[in-house]
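The values are calculated or read from the model by the stated rules, or taken from the named source; none is laboratory data. No experiment lies behind these values; they were computed from the predicted model shown. For neighbour counting, all protein chains shown are included, and Cβ atoms are generated from backbone atoms with ideal geometry for every residue, glycine included. Accessible surface is based on the protein model in full, side chains and every heavy atom, while ligands, DNA and RNA are left aside. Shrake-Rupley method; radii C 1.70, N 1.55, O 1.52, S 1.80 Å.
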Amino acid sequence: MSRIATLLETLAPIGRNEQGGYDRFAWTDADAALRAWFLTEAADLGLPTEVDRNGNLWAHWRQRSGAALVLGSHLDSVPNGGALDGPLGVASAFAAIRALQEAGETPDTTVSVVAMVDEEGGRFGIACLGSRLMTGALDPERARALVDRDGVRLDTAMRAAGLDPSTLGADPDRLAGIAAFVELHVEQGHLPVEHRAAGTEPDPGHRGLAEAGAPLGAASAIWPHGRWRIELHGQANHAGTTPMADRDDPVVRAADVVLAARHAAVAEDALATVGRIEVRPGAVNAIAASTTLWLDVRGADEGRIRRVVAAVAAQAGAEPVEESWTPPTRFSAPLTQRLRDVVRETGAPEPPVLPSGAGHDAGILAAAGVPAAMLLVRNPTGISHAPEESADLPDIEAGVAALARLLRA
Ligand SMILES: [Zn+2]
């Protein structure tokens, strides 16, 4: 069995739920097991490790002094997520280093592996938490005060996991020590052909790697995207005694808002999703007092996104609260070219370049001026953030071979 297959197999049971998906949230027992896995593999490779001020995990193969070529991704998941989004990038980084070590080869630069904290925001609602804190894009005071669904604050959760939340914040020295960041990631956003939009550049996944017959690809850019919270208030009342005409039902208004988001997104060729709704007090036999909706909008440009949010605001009669905003990000063209070259040098088919509708730590670092690029591994189901997310082992091994080639070069 290849090393990457073994690594993925040891990860497979961690955080797995009864539906076969993964619940791997920051600062939980599953997260602790994933971090222990990281430390074990690094120790096995003889790599010293450290935890940075924001809780991100690092392993270093220091062959030379100077800035490092950093490989990695994240280990956390969305609720009921897939096995590969995140862990594939960390495991293949370790596997690539092992390939060089076993061949008795040493790279010309320091090579580091990183596992960024809470990339999905599955617990505290803000995506790319570890990289946003590191680059200073997220205020540490705001981060410490974030609460999960059970009302647990992020700083409390960190302390319970044995880390010190008082050190959270921008880490410019560490950022300056990254010569380049390469994130290998399972392909996401493979949309059916009929959803293709007109335009010069394909929309994310519209020419997925499966359609192109290519096991590997590279990401050109990340679409701008944001998250908004919408509060709707009504009048709580008895389900059996309140005539339909007299109701002020915030759940019905929430339904209108969800539909408005969908219609506006279709009109703008954007993507809008309401994936979380809270209804209070949540009784079957009572009209609700209030609802909260979380809206995720992405698009090829900011104008489309802002118009979708404006349409939602008009329908809601309330101003959506912006919880996060990420401007468009272009990856480093020279580094992306280098990645495509090494893929070709390993004998794999020509790697297509696709824009990404999904946010990534590599995008946050790129926005902060770090040369960053992404290597995508074909996802035959096209499904991500769900248990069906998958990649074939030969494609994954091709990704590891490309990373190893990059380290050699
Ligand atoms: Zn990811």
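Taking only protein heavy atoms and a 1.4 Å probe, what accessible area per residue, in Å², does the chain have with all protein chains in place?
With the other protein chains kept in place, the chain gives 41 Å² per residue.
Taking 0.36 nm per intervening residue step and subtracting the Cα-Cα distance, what contour gain separates residue 313 from residue 33 on full extension? Please report the intermediate quantities before stating the final value.
On the way: separation 280, 0.36 × 280 = 100.80 nm, distance 4.19 nm.
Value of the extension gain: 96.6 nm.
Along the Cα→Cβ direction, 7 angstrom out, place labels at residue 330 and residue 49. What is the inter-label distance in nm?
So the label points at residue 330 and residue 49 sit 3.8 nm apart.
In whole Å and largest first, what semi-axes does the C-alpha gyration tensor of region 1-90 yield when each eigenvalue is scaled by 5 and square-rooted? Mind dumping the intermediate values first?
Working: eigenvalues 121, 45, 25 Å².
Semi-axis lengths for region 1-90 are 25, 15, 11 Å.
Expressed as a fraction of 2.2 N^0.38 Å, the rule-of-thumb size for a compact globular protein of N residues, what is the C-alpha radius of gyration of the chain?
Working: Rg = 22.0 Å, N = 409, 2.2 N^0.38 = 21.6 Å.
This ratio for the chain stands at 1.02.
First compute the accessible area of the chain with a 1.4 Å probe, then give the percent of it belonging to carbon and sulfur atoms.
Numbers: 8830 of 16880 Å².
After summing per-atom areas, the C and S share lands at 52 percent.
Hey, could you get me the Stokes-Einstein D for region 241-331, Kirkwood radius over alpha-carbon pairs, 10 °C and 1.306 mPa s, rounded to whole µm² s⁻¹?
Working: Rh = 14.4 Å.
Approximately 110 µm²/s, per Stokes-Einstein.
Sort the following peptides by mean Cβ neighbour count (other Cβ atoms within 10 Å, averaged over residues), highest first: 219-225, 378-384, 278-284. Write down the numbers at each step before the final one.
Details: 219-225: 24.0, 378-384: 20.0, 278-284: 11.4.
Per-residue Cβ counts within 10 Å, averaged per peptide and sorted highest first, yield 219-225, 378-384, 278-284.
Kindly provide the helix-only [θ] at 222 nm of the chain, computed as the sum of -39,500 (n - 2.57) over DSSP H runs of four or more divided by all residues, to the nearest 500 deg cm²/dmol?
Working: 13 runs with 139 residues, N = 409.
Result for the chain: -10000 deg cm²/dmol, rounded to the nearest 500.
Let's test the formula: R0 of 56 Å, r as the Cβ-Cβ distance of residue 67 and residue 279. What FRET efficiency results, to the nearest 0.05? Could the numbers behind the result be given before it?
On the way: r = 50 Å, r/R0 = 0.90.
Calculated transfer efficiency: 0.65.
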